[in-house]
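Heads up, the thing below is written out as structure tokens.
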């Protein structure tokens with residue numbers, strides 16, 4: 001049993017993940033899912049992993065990045081117009 005997030009909130013989380021994930025690059029995806037996992041509370045990493053199909057270690061890495069103010073994000077040199 002996963003703790004933290006109420007069962008009625010899980011469909012909303014699934015909807016957010018399905019709407020947002022396809023628009024993000026790998027770095028953004030890790031950090032977004034990490035933020036959702038933290039917000040879900042205990043068991044959040046497992047829940048978000050199951051709903052998103054992204055591995056537990058990837059989300060855990062995202063949480064480490066969120067918790068580290070010195071994390072650097074490398075921006076591409078491409079300019080999209």
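Read the figures in this text as sums done on the coordinates, not as results from a lab. Not measured: the values here are computed from a predicted model. Every residue, glycine among them, receives a Cβ derived from its backbone with ideal geometry; neighbour counts consider all protein chains shown.
Things worth noting here:
- Applying 0.36 nm per residue to the separation of residue 8 and residue 67 and subtracting their alpha-carbon distance, the gain on full extension is 18.4 nm.
- Residue ranges 41-53, 7-19 sort as 41-53, 7-19 when ordered by packing (mean number of other C-beta atoms within 10 Å per residue, highest first).
- Proxy reagent accessibility, fewest Cβ within 10 Å first, across 26, 36: 26, 36
- Kirkwood Rh and Cα Rg combined as Rg/Rh, the stretch 7-67: 0.92
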